[in-house]
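Encoded as structure tokens, the structure appears first; notes follow it.
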Amino acid sequence: MNRIRAAREAQGWSQDQLARQAGVASRTVHAIEKGKNCRQATKRKVLSALGVPWELRDEYFPRPIRVEPRRSDSQTAQTA
């Protein structure tokens, strides 16, 4: 489960309630809980509303993992 969602539910809040507390749009909270990225300022607002210290941001907003595209066999043969 998404940590933001878990923290919101622990407060007993709906997405709309968290959005109001954080001063962001409800659709923003929905997107965050779906794993979408957001601005640093939005992260600060959401974490602050939930009472989560900024230092724990990476636990609540994990950084996306970059995956390199797979090379086809023909590309591998050309570089070898």
Cα gyration tensor category, rounded, prolate or oblate, for segment 1-44 with a/c compared to 1.5: oblate
Between 0 and 90°, nearest 10: helix 40-50 axis offset from the chain longest Cα axis: 40
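Any read-out appearing in this document is the output of simple, stated calculations on the displayed coordinates, not a laboratory observation. Note that the coordinates shown come from a computational prediction; the quantities given were computed from them, not determined experimentally.
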